[in-house]
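J.: Submitted below is the structure of interest, expressed as structure tokens.
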Amino acid sequence: MTITTLIISVLIIAAIGAVLAALLVIAEFFLANYGQCKITINDEKELTVTGGASLLSTLNAEKIFIPSACGGRGTCAMCKLQVLDGAGSALPTEEPYLDKTELAENVRLSCQVKVRNDLKIQIPEELFAVKEYTATCSEIRDLTHDIKLFRFELIKPDSIEFVPGQYMQLLAPKYAKSKEEVYRAYSTASDPAEKNFIEMIIRLVPGGICTTYCFEYLKVGDTVKMTGPYGDFQLQDSDAEMIFIAGGSGMAPFVSILHQMKNQGIGRKATYYFGANLVKELFYLDEMKRFEEVLPNFRFVPVVYKPGEDESWNGETGLVTEAVQRNFSDASNCQGYLCGSPGMIDASIKVLKQLGMKESQVYYDKFA
């Protein structure tokens, strides 16, 4: 068999596989009729829904908002809940995100569970307090070449209560480059004392459905929808010294937390390490100086990985975790607060543990 014949054979097999997969999807869409299904929630509430969609999207349609940072793609593992009956075994797409205890307790990724028959589920009570908000975009401000501040004035409800560190899920509607509505998670960057608006710091993800909408389509005056607040990332009730670590749009929750510390007179010692690749990617420097002025035990340490040839910089350089290692020899009595990519979170946890910090004293929301 010649190389050409082999290549043609492989292409034919691949094409046949693609056609079969497409036929299965079409058959599921047109032929599968699951009718009306009943979802029993926490042995108290019953929903009657049309079967066929994911459990995540079905609950969202019923105004029960389960967190999901990845928009239901099965990669963030934030939409976990217990499916006690009716869903069968966990799928291969779920197993990497579920430990043995979760599997034994019938924990599932709700985005991967299809509503095909009656289900019995258990969800945390606090999710019943999550609301859907309508808001107007009142400000869009450039912070760096790929990070913007978005301010949303709340319309209905017209106020919000949230814990600094929590996040909201912003809805990107259908637009020219996206034929579907998707939710994406963004931490609040607002002063919690200001209850009639929400601020978000959003970084452009090339090809990202929601960030493309925000950067290219969303305009001041537009109406948006969001749900929340979600998440357990927040200051812990303790007097321990704190180490904050973030980069890029990971700035958001720490702005809110610093407002909280100022408002409540929290005088704990805290050092905030913020990493950027270049000097021009640093932002909120003036805001951090003002926080240093009103919080005497707070110190902001910007870290530039490698300043550009045309950039002047006398501060910390290298990886943000390297700066932490240079400034701390013992973090055994400290708490760590992190916000960033999964890779940055993992690297920071490793360094903090090397410095003696217990992993149970490290707090974060890891966004995919």
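J.: If you average the sequence gap of Cα pairs under 8 Å that are 6 or more apart and divide by the length of the range 241-366, what percent do you get for the contact order?
T.: Normalised by residue count, the contact order of the range 241-366 is 27 percent.
J.: Rank Ala53, Gly74, Tyr97 by how far each Cα sits towards the positive end of the charge dipole of the range 25-162 (+1 on Lys, Arg Cβ; -1 on Asp, Glu Cβ) and give me just the farthest.
T.: Positive-most Cα among the choices belongs to Ala53.
J.: Which order do His145, His259 fall in if you start with the one that has the fewest other Cβ atoms within 10 Å?
T.: His145, His259
J.: If you don't mind, another one. Out of residues 5 or more away from Gly72 or on other chains, whose amide H comes under 5 Å of its own, with H placed 1.01 Å from N in the peptide plane?
T.: Here the answer is none, since no amide H 5 or more places off falls under 5 Å of that of Gly72.
J.: Expressed as a rounded percentage, what relative contact order does the chain have, with Cα pairs under 8 Å and six or more residues apart?
T.: About 13 percent, as a whole number.
J.: Checking the table Lys148/Lys177; Lys38/Lys174; Lys131/Lys225; Lys80/Lys353; Lys174/Lys195 against a 18 Å threshold on Cα-Cα, which pairs fail?
T.: Pairs exceeding 18 Å: Lys148/Lys177; Lys38/Lys174; Lys80/Lys353; Lys174/Lys195.
J.: So which trypsin sites (Lys or Arg not before Pro) in the range 44-114 pass both tests, a DSSP loop state and at most 15 other Cβ atoms within 10 Å of the Cβ?
T.: Hits after loop and neighbour filter: Lys63, Arg73.
J.: If you average the sequence gap of Cα pairs under 8 Å that are 6 or more apart and divide by the length of the range 130-230, what percent do you get for the contact order?
T.: Values: 212 pairs, mean separation 39.4, N = 101.
Relative contact order comes out at 39 percent.
J.: Turning to a different aspect of this structure: What is the log10 of I(q)/I(0) for the chain, computed with the Debye formula using one identical point scatterer on each Cα and no solvent, at q = 0.06, 0.07, 0.08 Å⁻¹?
T.: Summing over Cα pairs of the chain leads to -0.28, -0.38, -0.49.
J.: Have a look at the range 36-127 and give its Rg and Dmax from the Cα atoms, expressed in angstrom.
T.: 11.9, 33
J.: Amide H of Asn277 versus every other amide H placed in the peptide plane: which residues, excluding those fewer than 5 positions away on the same chain, fall under 5 Å?
T.: Sorted by chain and number, the residues that satisfy this are Tyr305.
J.: Can I ask one more? Under a Cβ-only charge scheme (Lys and Arg +1, Asp and Glu -1), can you give me the dipole magnitude of the chain about the Cα centre, in debye to the nearest 20?
T.: Taking the Cα centre of the chain as origin, the dipole is about 600 debye.
J.: When the C-alpha atoms of the range 62-179 are aligned to their principal axes, what extent does each axis show, in angstrom, from largest down?
T.: The Cα atoms of the range 62-179 stretch 47, 30, 29 Å along their principal axes.
J.: What's the magnitude of the charge dipole for the range 69-190 around its Cα centre, counting Lys and Arg as +1 and Asp and Glu as -1 at the beta-carbon? Answer in Debye, nearest 20. Before the final figure, lay out each step's value.
T.: On the way: 16 positive and 18 negative charges, 98 e Å.
Roughly 480 debye for the range 69-190.
J.: On a C-alpha basis, how far is the centre of the range 323-337 from the centre of the range 228-303 in Å? Whole number, if you could?
T.: 15 Å
J.: Related question: Arranged from highest to lowest average of other beta-carbon atoms within 10 Å per residue, in what order do the peptides 203-212, 303-312 appear?
T.: 203-212, 303-312
J.: Multiply the residue separation of Ile140 and Ser89 by 0.36 nm, subtract the distance between their alpha-carbon atoms, and state the gained length in nm to one decimal.
T.: Extra length available between Ile140 and Ser89 comes to 13.8 nm.
J.: Let me ask another. Helix 3-30 versus the longest principal axis of the chain: what angle, 0 to 90°, nearest 10, using Cα atoms?
T.: Its long axis makes an angle of about 80 degrees.
J.: Hey, another quick one. Evaluate 2.2 N^0.38 Å with N set to the residue count of the range 130-230, then give the Cα radius of gyration divided by it.
T.: Dividing the Cα radius of gyration by 2.2 N^0.38 Å gives 0.99.
J.: Then there's this: What ranking do 343-352, 134-143 get when scored by the average of other Cβ atoms within 10 Å per residue, highest first? Intermediate values should be presented prior to the final figure.
T.: Working: 343-352: 18.6, 134-143: 15.3.
In decreasing order of mean packing, 343-352, 134-143 become 343-352, 134-143.
J.: Find the cysteines in the chain that fail to meet the 4.7 Å Cβ criterion with every other cysteine, and list them.
T.: Lone cysteines by the Cβ rule: Cys37, Cys79, Cys111, Cys137, Cys210, Cys214, Cys334, Cys339.
J.: On to the next question. Please compute the Kirkwood hydrodynamic radius of the range 241-366 from all pairs of different C-alpha atoms, in Å with one decimal.
T.: Answer for the range 241-366: a Kirkwood hydrodynamic radius of 14.7 Å.
J.: Rounding to the nearest 20 debye, state how big the charge dipole of the range 241-366 is about its Cα centre with +1 on each Lys and Arg Cβ and -1 on each Asp and Glu Cβ.
T.: With Lys and Arg at +1 and Asp and Glu at -1, about 420 debye.
J.: Right, something else. Considering only Ile66, Ile123, Ile257, give the residue with the highest GNM mean-square fluctuation for the chain, with springs between Cα atoms whenever their separation is below 10 Å.
T.: Most flexible of the set in this elastic network: Ile123.
J.: Same structure, new question: Amide H to amide H under 5 Å from Gly336: which residues, 5+ apart in sequence or cross-chain, H placed 1.01 Å off N in plane?
T.: Long-range HN contacts for Gly336: Ile243, Val362, Tyr363.
Only the coordinates and a few stated rules stand behind these numbers; no lab work does. Bear in mind that the values here come from a model prediction, so they are computed numbers and not experimental data. As a convention, Cβ positions derive from the backbone with ideal geometry for all residues, glycine included, and neighbour counts pool all protein chains shown.
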